[in-house]
Amino acid sequence: MEKRRLGQSDLMVSPLCLGGNVFGWTADEATSFKILDGFVDAGLNFIDTADVYSAWVPDHTGGESESIIGRWMKARGTRDRVVVATKVGWERGLSAAHIRTAVEDSLKRLQTDCIDLYQSHKDDPNTPLEETLGAHAELIKAGKVRAIGASNYSAARLREALDVSARTGLPRYESLQPEYNLHDRAGYEAELEPLCRENSLGVICYYALASGFLTGKYRSEADFGKSARGQRMGKYLNERGRRILAALDEVAAQCQATPAQVALAWLIARPGLTAPIASATSLDQLKDLIAATRLRLDPAAIERLTMASS
């Protein structure tokens, strides 16, 4: 499958990134292994996780997802076939001391000597950007990290970080991980998208299917009980949300695809966007994600979806 360059790094990634947030949570280890096997067997190579996945589960402390991915890579011998992205700093910030400790823990759980993409999980206004980027520079120099990225940064702070890198010669963030999907567009498109395109940053967006709303699974309040995520659907199921679902249904029928495949294909076709992130808890869901990478929407279909969600 055709690969895309992530920012200006040497990382070449598939046009879809597999979200590891479900590993050890809603997908047990055996299921996670099957999903990872199917993903790589389909010619895809990009996997995203974080050191806090899945700390929100009772009796979990975080790192469960990284540990499963590490055991899978060791068992299958797949380390050289995948680009692994993980994150640091969600709970304890981005001080140099914490980054130095956290990276060793992530490397141990992932059972690897190098993380391909190490992302600052969210902005830490209490730590100077020079300190954070300096710590990342040490990791790159030591061969423990290949490239760095930012997640959940505002346009102003991302621009500031890029300016610091340009001024000091420290490594720059090569990617941004924002929330972005066919429903939630304004937060990314207003300021972050032009900034990323201007600076040739890779973009890997999360909530690509709006917590499942864009699959078409939730079409009335009666559907909210279908899953644990159903209670979040109230914010989507309004006049605009129904308009988006109608457009997805129309394009899906034309393409003989599913609404989820169309929603992901719209993101994959977006200029400047490297790869949407989507997770799967079953092989059937994984098939939907893989099919999305092979779906080519024509300009009329893209325009129909863009207008419906404007």
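The values are calculated or read from the model by the stated rules, or taken from the named source; none is laboratory data. It should be emphasised that the depicted structure is a prediction, and the values quoted were computed from it without experimental measurement. Neighbour counts run over all protein chains shown; Cβ positions are idealised from the backbone, glycine included.
Any idea which residue in segment 295-310 is modelled with the lowest pLDDT, counting only those that are exposed (fewer than 14 other Cβ atoms within 10 Å of the Cβ) and outside any helix (DSSP H, G or I)? Across segment 295-310, the extreme among qualifying residues is 310. Output the residues belonging to segment 88-115 that are surrounded by fewer than 22 Cβ atoms within 10 Å (Cβ to Cβ) and under 21 Å from residue 78 (Cβ atoms). Scanning segment 88-115 gives 107, 108, 109, 111, 112, 113, 114.
Restricting attention to segment 19-36, the residues being among the β-branched types (Val, Ile, Thr) and under 17 Å from the mean Cα position of the chain (by Cα) number 2. Among the residues making up segment 22-72, those that are part of a loop (DSSP other than H, G, I, E, B), more than 13 Å from residue 280 (Cα to Cα) and among the small types (Gly, Ala, Ser) are 42, 43, 50, 54, 55, 62, 63. Summed over segment 84-98, the residues that are in contact with a strand residue (DSSP E or B) (Cβ under 7 Å, 6 or more places away or on another chain) and not hydrophobic (A, V, I, L, M, F, W, C) give a count of 3. Can you give me the number of residues within segment 264-294 that are closer than 24 Å to residue 6 by Cα, aliphatic (A, V, I, L, M) and surrounded by fewer than 16 Cβ atoms within 10 Å (Cβ to Cβ)? Final tally of qualifying residues: 0.
Applying the criterion of being out of contact with any Ser or Thr (no Cβ under 6 Å at 6 or more places or on another chain), surrounded by 22 or more Cβ atoms within 10 Å (Cβ to Cβ) and of a type outside the set (Asp, Glu) to the residues of segment 35-49, the residue that is farthest from residue 13 (Cα to Cα) is 35.
State yes or no: is residue 138 touching a helix residue (DSSP H, G or I) at 6+ places or on another chain (Cβ under 6 Å), within 22 Å of residue 169 (Cβ to Cβ) and part of a helix (DSSP H, G or I)?
No: the conditions fail for residue 138.
Each residue in segment 128-171 was checked for being among the β-branched types (Val, Ile, Thr), crowded, with 16+ Cβ neighbours inside 10 Å and over 20 Å from residue 6 (Cβ atoms), and 1 of them qualify.
Pull up segment 238-263, narrow it to residues that are at pLDDT 95 or above and not in a helix (DSSP H, G or I), then point me to the one that is surrounded by the most Cβ atoms within 10 Å (Cβ to Cβ). Filtering first and then ranking leaves 257. Looking only at segment 50-90, which residues are charged (D, E, K, R), farther than 24 Å from residue 136 by Cβ and without any contact (Cβ under 8 Å) to a residue 24 or more places away in the chain? Of everything in segment 50-90, just one residue is charged (D, E, K, R), farther than 24 Å from residue 136 by Cβ and without any contact (Cβ under 8 Å) to a residue 24 or more places away in the chain, namely 59.
Summed over segment 189-213, the residues that are among the aliphatic types (A, V, I, L, M) and touching a Pro at 6+ places or on another chain (Cβ under 6 Å) give a count of 2.
Out of curiosity, is residue 130 farther than 23 Å from residue 274 by Cα and either modelled with pLDDT of 95 or more or of a type in the set (A, V, I, L, M, F, W, C) (or both)? I'd like the intermediate steps shown before the answer.
Numbers: farther than 23 Å from residue 274 by Cα: yes; either modelled with pLDDT of 95 or more or of a type in the set (A, V, I, L, M, F, W, C) (or both): yes.
So residue 130 fits the description; yes.
Say whether the condition of being within 23 Å of residue 25 (Cβ to Cβ) and among the charged types (D, E, K, R) is met by at least one residue in segment 127-141.
Of the residues in segment 127-141, the ones within 23 Å of residue 25 (Cβ to Cβ) are none.
No: zero hits.
On inspection, residue 280 qualifies as assigned to a loop (DSSP other than H, G, I, E, B) and either at pLDDT 95 or above or not β-branched (Val, Ile, Thr) (or both). Against the conditions (1) closer than 29 Å to residue 125 by Cβ; (2) in a loop (DSSP other than H, G, I, E, B), residue 1 satisfies every one except (1).
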